[in-house]
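The values are calculated or read from the model by the stated rules, or taken from the named source; none is laboratory data. The structure presented is a predicted model; accordingly, all values stated were derived computationally and were not measured. Cβ sites come from the backbone with ideal geometry, for glycine too, and all protein chains shown count toward neighbours. Only protein heavy atoms, including side chains, enter the accessible area calculation; ligands, DNA and RNA are left aside. Shrake-Rupley method; radii C 1.70, N 1.55, O 1.52, S 1.80 Å.
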Amino acid sequence: MQKVAFVTGASRGIGKAIALLFGREGYTVVCASRTLNDLQKVVQRITDLGGEALAIELDVSILFDFQSCVKKVVEKYGKIDVLINNAGVVRDKLLLRMSENDWDTVLNINLKGCFNGIKAVTPGMMKNRYGRIINITSVVGITGNAGQANYASSKAGIIGLTKSVAKELASRNITVNAVAPGYIDTDMTDNLSDKVREELINQIPLRRIGTPEDVALTVKFLTENGANYITGQTISVNGGLYM
Ligand SMILES: NC(=O)c1ccc[n+]([C@@H]2O[C@H](COP(=O)([O-])OP(=O)(O)OC[C@H]3O[C@@H](n4cnc5c(N)ncnc54)[C@H](OP(=O)(O)O)[C@@H]3O)[C@@H](O)[C@H]2O)c1
């Protein structure tokens with residue numbers, strides 16, 4: 001039976017690269033986000049290469065919706081082996097200008113979205129005595145960042161969530177890890193000016209901004225046999241920006 005991977009935020013950027021890689025590697029890929037049209041293009045690329053994929057419209061911040069989606073997927077494919085909680089947003093502002101809504105939106109999508117995904121998939125994974133959960137955090141969840149109190153808090157929260165749930169689920173052969181990208185070339189970072197970009201590259205020992213594929217390959221590794229004994233960890237993919 002083919003393994004099934006559920007990827008949130010699969011319509012663009014890092015999530016799209018993760019979905020395409022899992023599709024190429026023979027997984028059935030469930031691609032979820034709020035924009036069905038974009039998801040269908042990702043699914044098309046996977047099926048064009050002979051893979052199996054499904055597009056599902058989902059707002060990860062709503063637990064009931066996440067649980068309904070997972071139910072549909074399990075009815076169709078029988079199980080979910082891998083969950084990648086990748087969906088995320090930014091609402092950057094200095095704290096004094098940050099509204100309650102800026103805070104709530106980012107925390108609800110980035111952190112509660114991961115909680116919702118884990119809640120939705122774990123009953124099935126526990127029954128199957130197998131699961132691989134990967135949460136996408138960020139370098140700023142480790143270092144903090146001016147102008148990103150909401151985002152950095154959500155990403156630091158993901159690290160605490162990852163460690164706690166890893167401890168709870170380890171006895172059922174479910175591993176839970178986080179991947180912390182540095183600066184990656186996606187829509188999320190494309191508003192950086194050329195000057196800021198150059199300054200940034202000068203701070204990165206590997207002297208380049210990362211690609212979505214750099215992150216996807218690390219996520220994939222965490223689902224392979226070589227990572228069977230890794231749980232509760234945060235793996236940085238940042239070109240050495242933070243060590
Ligand atoms: N790019 C970077 O430099 C960087 C660095 C560190 C960490 N990260 C993290 O990596 C992840 C992916 O980022 P990216 O750079 O690929 O961003 P992106 O290009 O802006 O894509 C974000 C994805 O999240 C989805 N999304 C947003 N809100 C959602 C919601 N409520 N429900 C479901 N899906 C939702 C979006 O799809 P829809 O709009 O269709 O819903 C989109 O697919 C995020 O968690 C981000 O924080 C990125």
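Points to keep in mind about this one:
- Pick from the stretch 180-212, criterion touching a Leu at 6+ places or on another chain (Cβ under 7 Å) and in contact (Cβ under 8 Å) with a residue 40 or more places away in the chain, ranking: nearest to the ligand (Cβ to nearest atom): Y183
- Failed item in (1) open to solvent by 10 Å² or more (accessible area, probe 1.4 Å); (2) in a helix (DSSP H, G or I), with G113 passing the rest: (1)
- Taking helices (runs of 4 or more DSSP H) as the structural unit, those lying wholly within the stretch 1-90 and holding at least 3 residues that are under 18 Å from N108 (Cβ atoms) correspond to 63-77.
- Scoring I84 on the criteria (1) open to solvent by less than 80 Å² (accessible area, probe 1.4 Å); (2) out of contact with any strand residue (DSSP E or B) (no Cβ under 6 Å at 6 or more places or on another chain); (3) not aromatic (F, W, Y) leaves a single failure, condition (2).
- Criterion: within 27 Å of G239 (Cα to Cα), modelled with pLDDT of 95 or more and more than 15 Å from the ligand (Cβ to nearest atom) - qualifying residue of A87, A146: A146
- Filter result (hydrophobic (A, V, I, L, M, F, W, C), within 9 Å of the ligand (Cβ to nearest atom) and open to solvent by 20 Å² or more (accessible area, probe 1.4 Å)) within the stretch 8-22: I14
- Looking across L107, L95, one residue alone is out of contact with any strand residue (DSSP E or B) (no Cβ under 8 Å at 6 or more places or on another chain), within 13 Å of the ligand (Cβ to nearest atom) and touching a residue at least 24 places away in the same chain (Cβ under 8 Å). It is L107.
- Residue count for the stretch 199-232, restricted to those that are farther than 20 Å from T186 by Cα and open to solvent by less than 60 Å² (accessible area, probe 1.4 Å): 6
- Out of I235, I159, one residue alone is closer than 28 Å to K93 by Cα, open to solvent by 10 Å² or more (accessible area, probe 1.4 Å) and free of Cβ contacts under 8 Å to residues at least 60 places away in the same chain. It is I235.
- Residue within the stretch 66-83 that is touching a residue at least 40 places away in the same chain (Cβ under 8 Å) and over 20 Å from R132 (Cβ atoms) present: no
- Evaluation of A216 against the conditions (1) among the aliphatic types (A, V, I, L, M); (2) within 25 Å of L94 (Cα to Cα); (3) out of contact with any strand residue (DSSP E or B) (no Cβ under 7 Å at 6 or more places or on another chain) shows that the sole unmet condition is (2).
- Residue in the stretch 175-196 that is closer than 30 Å to M125 by Cβ, assigned to a helix (DSSP H, G or I) and of a type in the set (G, A, S) present: no
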